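Trainee: Let me begin by handing over the structure; questions about it come next.
The values are calculated or read from the model by the stated rules, or taken from the named source; none is laboratory data. Note that the structure is predicted; figures quoted are calculated from it, not measured. Cβ placement follows ideal geometry from the backbone for every residue including glycine, while neighbour counts extend to all protein chains displayed. Each accessible area value is taken on the protein alone, full model and side chains, heavy atoms only, with ligands, DNA and RNA left out. Shrake-Rupley method; radii C 1.70, N 1.55, O 1.52, S 1.80 Å.
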Amino acid sequence: MTEERVILVNENDEQIGTMPKMEAHEKAVLHRAFSVFILNEKNEIMLQQRANHKYHSPLLWTNTCCSHQREGETNIQAGTRRLFEEMGFVAELKELFHFIYKAPFDNGLTEHELDHVMIGFYKDAPIINPDEVESWKWMKIDDIKNDMIFNPQIYTVWFKIIFDEFYHYLEDHKI
């Protein structure tokens, strides 16, 4: 199997090359990524718990799905692809905003990403891919915010950063 490559970008999201995913995380090189938030009619977010065997952040809770765009893929195409691969359903996605963050892990890897944050709506249960996802749940937005204060250790490093940006976006915009 070919090693997955990430798209290296500058701070303006202009592609400047590609690199194997693991190398980019070892060297903390800025690359393009996306994060998908799926909400239901009760304004709850579908969270996923990462699979137990993941090489970093196993069993931690995070947003509905996130990953990296492939060359030639739009942000929406990438989000739609990965949502189906991880959660087993398709939803219409809309890009809300993007921002840059840097988050080191305990294992020496670092996420340094220009992250495109997307939203979609869905009301049914997902058909989770056990290679990627251990479990899932719906959770109210304010309950997530409060739970992160009392139980930060159960959430991925990047989700805490991205959720904060998402939460403030929702305060300022009608979706």
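Trainee: I need every pair where a residue in region 139-164 that is over 24 Å from Y122 (Cβ atoms) has its Cβ under 7 Å from the Cβ of a residue that is assigned to a helix (DSSP H, G or I), sequence separation at least 6 or different chains.
Mentor: Cβ pairs passing all conditions: P152/K160.
Trainee: Which members of region 52-66 meet the condition of being within 28 Å of N146 (Cβ to Cβ) and in a loop (DSSP other than H, G, I, E, B)? Don't jump to the end; show me each part of the working.
Mentor: Of region 52-66, the ones within 28 Å of N146 (Cβ to Cβ) are 52, 54, 56-66.
Listed by number, the residues that qualify are N52, K54, H56, S57, P58, L59, L60, N63, T64.
Trainee: In the set Q69, Q49, which member is out of contact with any Gly (no Cβ under 8 Å at 6 or more places or on another chain) and assigned to a strand (DSSP E or B)? Walk me through how you get there before you give the answer.
Mentor: Details: Q69 fails: assigned to a strand (DSSP E or B).
Only one candidate qualifies: Q49.
Trainee: Shifting gears a bit: Sort out which residues of region 82-94 are under 13 Å from the mean Cα position of the chain (by Cα) and charged (D, E, K, R), and write them in order of number. Working first, answer last.
Mentor: Of all residues in region 82-94, those under 13 Å from the mean Cα position of the chain (by Cα) come to 82-83, 86-87.
Scanning region 82-94 gives R82, E86.
Trainee: Also: Collect the residues in region 95-130 that are within 24 Å of M19 (Cα to Cα) and over 16 Å from the mean Cα position of the chain (by Cα), keeping them in residue-number order.
Mentor: D106, N107, G108, L109
Trainee: Name every residue in region 8-18 that is over 30 Å from I141 (Cβ atoms) and open to solvent by less than 30 Å² (accessible area, probe 1.4 Å), in order of residue number.
Mentor: The first filter runs over region 8-18 and keeps only residues over 30 Å from I141 (Cβ atoms), leaving 8, 10, 12, 14-18.
Once the filter is applied, which keeps residues that are over 30 Å from I141 (Cβ atoms) and open to solvent by less than 30 Å² (accessible area, probe 1.4 Å), region 8-18 yields L8, G17.
Trainee: Select from region 27-57 the residues that are open to solvent by 10 Å² or more (accessible area, probe 1.4 Å), modelled with pLDDT of 95 or more and over 18 Å from I119 (Cα atoms) and list them in ascending order.
Mentor: Once the filter is applied, which keeps residues that are open to solvent by 10 Å² or more (accessible area, probe 1.4 Å), modelled with pLDDT of 95 or more and over 18 Å from I119 (Cα atoms), region 27-57 yields K27, A28, V29, L30, Q49, R50, N52.
Trainee: Scanning region 69-125 for residues that are among the small types (G, A, S) and either in contact (Cβ under 8 Å) with a residue 12 or more places away in the chain or over 20 Å from K137 (Cα atoms) (or both), which turns out surrounded by the most Cβ atoms within 10 Å (Cβ to Cβ)?
Mentor: G79
Trainee: Oh, and also: Looking only at region 138-172, which residues are open to solvent by 40 Å² or more (accessible area, probe 1.4 Å) and outside any helix (DSSP H, G or I)?
Mentor: W138, K140, N151
Trainee: So, A24, is that one farther than 23 Å from E171 by Cβ, of a type in the set (G, A, S), open to solvent by less than 10 Å² (accessible area, probe 1.4 Å) and touching a His at 6+ places or on another chain (Cβ under 8 Å) or not?
Mentor: Details: farther than 23 Å from E171 by Cβ: yes; of a type in the set (G, A, S): yes; open to solvent by less than 10 Å² (accessible area, probe 1.4 Å): yes; touching a His at 6+ places or on another chain (Cβ under 8 Å): yes.
When the stated conditions are applied, A24 passes them.
Trainee: Please work out which residue is farthest from E41 (Cα to Cα), limiting yourself to region 79-134 and to residues that are acidic (D, E) and not in a strand (DSSP E or B). Before you say what the answer is, go through the steps one by one.
Mentor: Of region 79-134, the ones acidic (D, E) are 85-86, 92, 95, 106, 111, 113, 115, 124, 131-132, 134.
Next, only the ones that are not in a strand (DSSP E or B) stay: 85-86, 92, 106, 124, 131-132.
On the way: E85: 23, E86: 21, E92: 15, D106: 37, D124: 10, D131: 28, E132: 26 Å.
Among them, the one singled out is D106.
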